[in-house]
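Rule-based calculations on the coordinates, nothing more; no lab input. Keep in mind it's a predicted model, so treat the numbers as computed, not measured.
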Amino acid sequence: MKYDPNTGHRLKDPDTPSRITWVHSILKTRTQLPESWQLTQCLFGEHLLTKYPDKKVALVESEKTAIICAALMPSYIWLATGGKTQLGDKLRILKGRDVIAFPDVDGYEEWKKKLSTSGSLNIRISGYLEKNATPEDREAHIDIADLLLRQNKRPARKEPEKPSNSILRYFAPEHRAEVQALIDELELVPVSISKIR
């Protein structure tokens with residue numbers, strides 16, 4: 001899969017070369033798989049269900065979203081369907097689990113409709129993005145990861161001044177290069193800095 005480096009969103013333009021490559025498609029083209037062969041997918045992260053049988057499950061569309069959310073909200077098992085329309089038989093594995101679904105901002109109605117017919121599955125659909133998305137969010141097709149990243153954005157840290165830089169200011173500009181060379185060559189570490197009176 002290819003992602004836009006500026007937005008972090010998946011490239012879905014059919015004209016984008018090599019946006020997604022499926023091994024089974026290549027094998028079908030080479031006639032190494034029968035044309036009738038059908039791919040059966042599982043949920044991204046599904047292997048975690050047996051590892052954490054008591055954790056609540058959060059369901060999202062994108063694999064990228066699942067990874068980001070798992071880092072930001074580790075109290076859930078974050079699973080991804082792999083696409084907005086990928087709500088089929090693969091959800092059966094969630095039977096007996098407490099699941100909350102976080103559709104992308106442009107997928108709320110579709111997921112609400114499809115998941116309402118999921119029968120014996122206990123899947124609640126979060127309307128948080130639907131209720132709180134701005135027009136700009138809708139235009140950008142944000143998901144829960146985009147929102148969490150925006151909320152968790154911290155101001156950039158100012159890099160601490162190198163100790164040698166704080167010493168160099170006490171030397172005449174024309175001698176600073178030689179003093180820095182001595183500091184580097186002898187691996188000198190300043191213990192304290194004070195002006196001589």
- Mind running the shape call on the range 41-151? Use the C-alpha gyration tensor, a ≥ b ≥ c as the square roots of the eigenvalues: rounded below 1.5 for a/c, prolate if a/b tops b/c, oblate otherwise. oblate
- Under 5 Å between amide H atoms, partner at least 5 residues away or on a different chain: which partners does Asp98 have, H built in plane at 1.01 Å? Val57
- Of Lys114/Lys153; Lys64/Lys131; Lys28/Lys95; Lys56/Lys113; Lys51/Lys114; Lys95/Lys153, those spanning more than 30 Å from alpha-carbon to alpha-carbon: Lys114/Lys153; Lys28/Lys95; Lys95/Lys153
